[in-house]
Amino acid sequence: MNRLNVRSRCYIECIVPVCENKMNLKPNLSFFCFPKDPIRSSIWIEKCGLDKNIDVSKRRYRVCARHFENHMFLNDLKNRLQPHAIPTLFIDLISNSLPSTCIDNVKNDLDNKKSNFLEHNIQDKHFGENINNFFPNTIKKKSYEPVCFVPNCKAPKDLPLYKFPLHNKQLLYIWLKRIGLSTLYDMDLYLHITICQIHFHKDCFDDKTIQLKPNAIPSLHLIDYSGPPDNCLTTSSYFENPIMSTTGDRTWGWLGSTEQFGRDAESNEFVVIPKSQLHNDKYTSSTQAAHCIIYAENEEKIFGIYNARAAVLMQLRYDGYLGFPGGLIDSGEDIINAVNREMSEEMNLNTCIHLVSYDDYVISHWSEKKKIALHFYKLKVTMPQLIEIEKRALLARDYGSEVLGTVRVPLYTLGDNYRGFPAFLEHKFIGCSRDQLLAALSSLNILTVEEINLALNTKI
Ligand SMILES: O=c1[nH]cnc2c1ncn2[C@@H]1O[C@H](COP(=O)(O)OP(=O)(O)O)[C@@H](O)[C@H]1O
């Protein structure tokens with residue numbers, strides 16, 4: 001129910017900087033207060049590009065329904081939001097208000113809107129001093145140095161750079177597929193990135209200029225694309241028979257450089273590295289990754305019958321495999337820093353409360369074939385903490401991209417002797433994560449070796 005009187009309605013407008021919707025002018029449009037939950041509220045603040053210190057508890061600070069996708073609403077009237085709703089629509093608003101979709105026009109127009117907005121709001125302390133802070137991140141002018149966005153591009157930095165063809169979605173899709181980028185990111189990402197001249201065949205350019213032809217597509221020095229190098233201009237047949245699958249690209253994109261590590265492991269491919277040999281050059285000078293099992297003792301009985309034994313977290317990865325949070329160790333990076341960094345990126349783990357340390361070491365494995373050393377750590381928490389960690393994971397930076405969800409491992413076996421833990425073990429596991437799981441379950445006294453062997457040998 002809308003309890004606002006006429007005076008208040010005149011006062012309320014959408015806080016999104018480029019949005020001009022006001023409550024008194026749009027009586028049928030809903031204007032939503034910021035969520036009370038501080039984490040969700042901070043996401044709204046970030047999405048709207050506001051200063052993070054703004055006090056959004058004030059009821060006059062609202063975001064209008066225009067910035068929420070249809071599925072964020074509970075009803076057709078669009079006046080009730082789902083509990084998890086976040087504002088994501090900013091770019092349409094901008095491009096709809098422009099006569100042309102040309103990116104330069106968009107940027108110029110935005111710059112104008114920004115300065116107008118600034119003139120009107122410069123006195124408002126809530127918006128902070130840094131102008132970049134209070135524009136939606138979809139249009140935020142990033143202080144980035146334009147570089148070529150093709151992974152591992154080794155071309156000289158001074159080559160001309162070209163923007164993505166945002167005005168033509170089909171052409172854009174072909175560019176993205178060629179470059180190996182996801183088609184699933186927000187369009188705003190592509191506003192800010194460019195690729196350099198080295199990736200275009202000479203036929204892509206208008207005679208004797210560096211101007212790209214409108215139907216030019218990148219075809220050279222691309223990590224994944226291996227078509228003929230002169231396959232560099234689109235024809236209408238491209239559009240009639242789109243080369244994109246409807247679910248996005250089928251390339252490895254940025255992940256191309258680590259693709260070899262992700263390939264299915266052969267049986268016995270991973271061997272345990274004895275602790276005494278961990279510092280051998282063979283391992284320290286090769287690719288290394290560190291992952292971590294988060295677990296809590298759990299006395300609960302599932303359905304009142306099955307002993308939960310422990311709550312053990314794994315995650316569904318972007319590639320459809322199960323694994324643990326963690327990742328590759330950057331060169332020169334300390335292993336513990338790496339594992340904590342990855343836990344914060346992938347799980348949104350509050351490392352002020354939960355910090356993995358050297359003492360949490362469990363086991364390391366080595367693949368001679370892939371020349372990768374995989375180190376494994378543990379993090380023991382209480383059950384309420386684990387539940388909190390699960391909730392926070394939904395807000396992780398990598399949630400929805402690299403990580404598709406946290407799962408608890410069922411550690412009990414149902415009456416058919418198969419469903420439960422034995423069935424779980426038949427999933428696909430990345431790297432040596434299945435071995436890591438089994439090693440941890442036994443060394444942490446969650447399951448006995450006998451119980452593990454029984455589960456391993458049970459087939460449907
Ligand atoms: O949970 C795991 N346990 C053991 N090895 C893993 C796990 N997850 C990934 N790996 C291995 O480590 C490699 C890099 O890990 P990941 O994909 O997590 O790194 P990244 O997040 O830095 O890209 C993977 O290709 C795979 O071989």
Residues being open to solvent by 80 Å² or more (accessible area, probe 1.4 Å), within 16 Å of the ligand (Cβ to nearest atom) and part of a strand (DSSP E or B) - total across segment 379-403: 1
Of all residues in segment 338-359, how many are open to solvent by 60 Å² or more (accessible area, probe 1.4 Å) and in contact with a helix residue (DSSP H, G or I) (Cβ under 9 Å, 6 or more places away or on another chain)? 3
Members of segment 304-356 that are within 13 Å of the ligand (Cβ to nearest atom) and of a type in the set (S, T, N, Q): Gln315, Ser331, Ser344
Residues of segment 277-320 that turn out to be of a type in the set (Ser, Thr, Tyr) and either surrounded by 18 or more Cβ atoms within 10 Å (Cβ to Cβ) or under 17 Å from Ala393 (Cβ atoms) (or both), as a count: 3
Leading residue by the ranking (least open to solvent (accessible area, probe 1.4 Å)) among those in segment 240-276 that are at pLDDT below 90 and among the aromatic types (Phe, Trp, Tyr): Phe261
Flagged in segment 24-45 as assigned to a helix (DSSP H, G or I) and farther than 15 Å from Cys14 by Cα, in numbering order, are Pro38, Ile39, Arg40, Ser41, Ser42, Ile43
Those residues of segment 424-434 which are touching a Leu at 6+ places or on another chain (Cβ under 9 Å) and not hydroxyl-bearing (Ser, Thr, Tyr), in sequence order: Phe424, Leu425, His427, Lys428, Phe429, Ile430, Gly431, Cys432, Arg434
Please go through segment 322-333 and pick out each residue that is part of a loop (DSSP other than H, G, I, E, B) and either at pLDDT 95 or above or loosely packed, with under 13 Cβ neighbours inside 10 Å (or both). Phe324, Pro325, Asp330, Ser331, Gly332
Going by the conditions given, is Met343 touching a Leu at 6+ places or on another chain (Cβ under 7 Å) and over 19 Å from Leu447 (Cα atoms)? yes
Name the residue, out of Thr235, Thr209, that is open to solvent by 40 Å² or more (accessible area, probe 1.4 Å) and modelled with pLDDT under 85. Thr235
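For (1) open to solvent by 50 Å² or more (accessible area, probe 1.4 Å); (2) assigned to a helix (DSSP H, G or I), each residue gets a yes or a no:
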| residue | (1), (2) |
| --- | --- |
| Lys370 | no, no |
| His375 | no, no |
| Gly405 | no, no |
| Asp435 | yes, yes |
| Leu441 | no, yes |
| Asn453 | yes, yes |
Hits in segment 46-68 - residues which are assigned to a loop (DSSP other than H, G, I, E, B) and either among the aliphatic types (A, V, I, L, M) or modelled with pLDDT of 85 or more (or both): Leu50, Ile54, Val56, Phe68
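The values are calculated or read from the model by the stated rules, or taken from the named source; none is laboratory data. These numbers come from a predicted model, not from an experiment. Cβ coordinates were reconstructed from backbone atoms using ideal geometry, including for glycine residues, and neighbour counts include every protein chain displayed. Surface areas here come from the heavy atoms of the whole protein model, side chains and all, with no ligands, DNA or RNA. Shrake-Rupley method; radii C 1.70, N 1.55, O 1.52, S 1.80 Å.
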